[in-house]
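Below is one structure, written out as structure tokens, with a few remarks after it.
The values are calculated or read from the model by the stated rules, or taken from the named source; none is laboratory data. Everything numeric here is computed off the predicted structure, so don't read it as measured data. Here the Cβ positions follow ideal geometry from the backbone for every residue, glycine too, while neighbour counts run over all protein chains shown. Only protein heavy atoms, including side chains, enter the accessible area calculation; ligands, DNA and RNA are left aside. Shrake-Rupley method; radii C 1.70, N 1.55, O 1.52, S 1.80 Å.
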Protein chains: 2
Amino acid sequence: MSPAGSGDAGAAAKGDGSPTVGPERHRNAVQQAAARLFSEKGFTATGVREIAGEAGVDPALVIRYFGSKEKLFLRTMTMSVDFADLMGGPLDGLGERAVAFVLDRTRGLVVNGPDATRSYSAGVFAALLRASDRPTVRAHLAESVEEMFVGLVAGRLSGADADLRARLMAAQLTGLMTAMHVVEDPGLTDASDADIVRYYGRSIQQLIEG
Amino acid sequence: MSPAGSGDAGAAAKGDGSPTVGPERHRNAVQQAAARLFSEKGFTATGVREIAGEAGVDPALVIRYFGSKEKLFLRTMTMSVDFADLMGGPLDGLGERAVAFVLDRTRGLVVNGPDATRSYSAGVFAALLRASDRPTVRAHLAESVEEMFVGLVAGRLSGADADLRARLMAAQLTGLMTAMHVVEDPGLTDASDADIVRYYGRSIQQLIEG
DNA sequence: GTCTATACACAGATAGAC
DNA sequence: GTCTATCTGTGTATAGAC
């Protein structure tokens, strides 16, 4: 598909904070390859030997560095709260903005820093949800939802059952992402973003207001 | 936990349509054990040998009967459209009714007929979603959502973008089930059903009406 | 013919050699 | 610190016992 993992090229120098030279470089290469493969092919279909092959290292190193395939998955498929800003606006129209944000990131690819994974992407969420058969993955997913969707808006809602309403709003956003990236309903993925924002956003807004 | 697979006992005679005697009985025992284990422990954590053990048959038979563990999973974790009746009522209050239905079946266990799997349960949905890493499972899930949520209400909505609105409504129901049975948010599972029905139902109703 | 026992293939994980 | 060889466990296929 996309010529993303161009491989050997792009070995340009970094600044100073996070070195791309020395032993760290192998570790980073594994992490980057894993992030790409996991978010594209999923946990099950991605093998340790495949990750190692793309990163240009020995398969045993992958385990040695990260403990297990599952740990590596958890480390790379981590979403951060970088859209705290978006939620920080006025309550008016927050529903529409939240939906628009989710749709905007719908095709986004994973971007990793050298030490921790940053930048949210719907692909990450889908990969987590698809692999939620495993308890550790489920816990990780729950933590992410709590941190990203619930926590950011819970304190801002007023009126009765504010916490419950925030969680129901999180459930709605989860549902939209699930429908688009797991169920992959063509009726949704082919629909115009503007329409989805309008209808779904209005529905969410209903929860934000009492 | 439950003494479900009581095994040898209960070998009572059946009517005439579907025999519980002879070779069919083993097949049925496997299916029943699989349904219970899959919906309780998930696809990955449930082994073929474990299913065979609980059913009291040889592990090889499981594969011989159903082709593969995945095929068996698909066959047992199938939801039917037995709640077509519930959706058949008036459009007024349909949102609340849909949410109430989902919550009602929230703790239901899987019940299988001898030939096909019947009776919807949220556990089945959760098991499917959790195992959606596999393409066949994902296709099966998409089919179920289309058949159960979208198809039943799509023709009934009027106004602009009726199909899109029906799919968005399906996404919301999906989200509620995901939040409760995959993410397992305690703030939702411990909340009163009446509150959830009220808030979430009202939100869904917004989509039903233009 | 139907079930049982055994053998194979593949992936993740480990222990030891350069 | 990095790679080679091996082990374990799971899904799957086959050949033999009643």
Kindly list, by first and then second residue, each pair from a residue in the stretch A:38-51 that is part of a helix (DSSP H, G or I) to a residue that is within 15 Å of DNA strand D (Cβ to nearest atom) and modelled with pLDDT of 95 or more, limited to pairs with Cβ atoms under 7 Å and residues at least 6 apart or on different chains. A:Val48/A:Pro59; A:Val48/A:Val62; A:Val48/A:Ile63; A:Val48/A:Lys69; A:Arg49/A:Pro59; A:Ile51/A:Val30; A:Ile51/A:Ala33; A:Ile51/A:Val62
Given (1) within 12 Å of the chain's Cα centre (by Cα); (2) more than 14 Å from every other protein chain (Cβ to nearest Cβ); (3) modelled with pLDDT under 95; (4) assigned to a helix (DSSP H, G or I), identify the lone condition not met by A:Leu74. (3)
Is it the case, given these coordinates, that A:Arg167 is open to solvent by 10 Å² or more (accessible area, probe 1.4 Å), in contact (Cβ under 8 Å) with a residue 12 or more places away in the chain and within 7 Å of another protein chain (Cβ to nearest Cβ)? yes
Residue count, the stretch A:174-187 (criterion: touching a residue at least 12 places away in the same chain (Cβ under 8 Å) and within 7 Å of chain B (Cβ to nearest Cβ)): 4
Can you tell me which residue is modelled with the lowest pLDDT among those in the stretch B:114-131 that are open to solvent by less than 10 Å² (accessible area, probe 1.4 Å) and not in a helix (DSSP H, G or I)? B:Thr117
Check whether at least one residue in the stretch B:181-199 is touching a Ser or Thr at 6+ places or on another chain (Cβ under 8 Å) and in a helix (DSSP H, G or I), and report yes or no. yes
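Using the structure shown, decide if B:Ala160 is more than 7 Å from chain A (Cβ to nearest Cβ), in contact (Cβ under 8 Å) with a residue 40 or more places away in the chain and more than 17 Å from A:Ala179 (Cα to Cα).
So B:Ala160 fits the description; yes.
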Quick one: which of B:Leu157, B:Leu91 is at pLDDT 85 or above and open to solvent by less than 50 Å² (accessible area, probe 1.4 Å)? B:Leu157
Hey, A:Glu146 under 14 Å from the mean Cα position of the chain (by Cα) and not basic (Lys, Arg) or not: yes
So A:Lys41 passes all but one of these: (1) more than 13 Å from DNA strand C (Cβ to nearest atom); (2) of a type in the set (Lys, Arg); (3) in contact with an Asp or Glu (Cβ under 9 Å, 6 or more places away or on another chain). Which condition number does it fail? (1)
Hey, B:Thr76 free of Cβ contacts under 8 Å to residues at least 60 places away in the same chain and either near DNA strand D (Cβ under 9 Å from one of its atoms) or closer than 19 Å to B:His181 by Cβ (or both) or not: yes
Residues being out of contact with any helix residue (DSSP H, G or I) (no Cβ under 7 Å at 6 or more places or on another chain) and of a type in the set (Gly, Ala, Ser): count how many of those fall in the stretch A:47-64. 3
Looking only at the stretch B:194-210, count every residue that is of a type in the set (Asp, Glu) and modelled with pLDDT of 95 or more and tell me the total. 1
Please pick out the residue among A:Arg64, A:Arg25, A:Arg36 that is open to solvent by 30 Å² or more (accessible area, probe 1.4 Å) and at pLDDT 95 or above. A:Arg64
Per-region count, the stretch A:37-73, residues of a type outside the set (A, V, I, L, M, F, W, C) and within 19 Å of A:Val182 (Cβ to Cβ): 6
Is there a residue being open to solvent by less than 50 Å² (accessible area, probe 1.4 Å), assigned by TED's automatic domain parsing to the domain that holds A:Asp104 and within 17 Å of the chain's Cα centre (by Cα) anywhere in the stretch A:193-205? no
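Against the condition modelled with pLDDT under 95, more than 9 Å from every other protein chain (Cβ to nearest Cβ), in contact with a strand residue (DSSP E or B) (Cβ under 9 Å, 6 or more places away or on another chain) and open to solvent by 40 Å² or more (accessible area, probe 1.4 Å), how does A:Val111 come out, does it pass?
Here the answer is yes, as A:Val111 does meet what is asked.
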Taking the stretch A:32-67, which residues are of a type in the set (Ser, Thr, Tyr), within 16 Å of DNA strand D (Cβ to nearest atom) and within 14 Å of chain B (Cβ to nearest Cβ)? A:Thr44
